[in-house]
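Read through the structure below, which is laid out as structure tokens, and then see the notes.
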Amino acid sequence: MELGHLAALTLLSVWENPSLVGRIPTQVGALTALTLLSFTMDQLSGPVPSELGYLTSLEGLYLGGNQLTTTIPTELKAMTSLSLLYLWGNQMSGTFPTELESLLALTDLQVSTNRLTGTLPTQLGKLSALSRLWLSANIFTGTIPSQLGALTNLQSLQLQNNQLTGTVSSSTSVCDLPSLEGFSDGEKRIQIDCDLVHCGCPDMCECK
């Protein structure tokens, strides 16, 4: 049966299947009833299909741990119900698309361990529902935008293993985020490269 014929499907998940190779079928974009789509730790390659932008009911997109390449498609901006976006552990390149500022329901954004370049877009500060923002192990450059201080629900920020510079402090508002304070488990909630980035709130920062 063709994937595109499963119009009523709400969940499609294939985890840790090394036999799953090739590209993500563009026909997945026709499954508009999907609320969760997961191809996690498989062996998929090629680009993330722009057709996934048709999945406007999607709440979770899990594509981590594959060999996906090229850029993050701007068409994902139409997924306005999306709360979880996992693209970690791939070979994606290019800049982080500013168009994704429309994903206002996003609570968890993980694009660590890719080959993303350029500066961190100030538009990330508009994703006010974010509790986890993991951008580590890419090739991001420039300074840490002060707009991240607007993420008042943020509980975990990972920026290490990039080429970012500057300061994390009250002047960038990040150190003042109440959601990063008051934890008793001993875990530091901000992870940075301390040889490149100065942390003005060392009780909240962990050097990587």
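The values are calculated or read from the model by the stated rules, or taken from the named source; none is laboratory data. Bear in mind the structure is a predicted one, so any value in this text is a computation, not a measurement. FYI the Cβ positions are ideal-geometry reconstructions off the backbone, even for glycines, and counts take in every protein chain you see.
Out of curiosity, is Leu82 out of contact with any Asp or Glu (no Cβ under 7 Å at 6 or more places or on another chain) and not in a strand (DSSP E or B)?
No.
Identify, please: which residue in segment 130-155 is outside any loop (DSSP other than H, G, I, E, B) and either of a type in the set (Asp, Glu) or surrounded by fewer than 19 Cβ atoms within 10 Å (Cβ to Cβ) (or both) and is, among those, nearest to the chain's Cα centre (by Cα)?
Arg132
Of all residues in segment 162-199, how many are at pLDDT 85 or above and either part of a loop (DSSP other than H, G, I, E, B) or within 20 Å of the chain's Cα centre (by Cα) (or both)?
Number of matching residues: 11.
Please verify whether Thr80 is among the polar types (S, T, N, Q) and surrounded by 14 or more Cβ atoms within 10 Å (Cβ to Cβ), treating the condition exactly as stated.
Criteria not met by Thr80.
Please determine whether any residue of segment 109-124 is closer than 21 Å to Gln155 by Cβ, surrounded by 16 or more Cβ atoms within 10 Å (Cβ to Cβ), of a type outside the set (S, T, N, Q) and within 10 Å of the chain's Cα centre (by Cα).
yes
How about segment 122-148: which of its residues are in contact with a helix residue (DSSP H, G or I) (Cβ under 8 Å, 6 or more places away or on another chain), of a type outside the set (Ser, Thr, Tyr) and more than 20 Å from Gln191 (Cβ to Cβ)?
Gln123, Lys126
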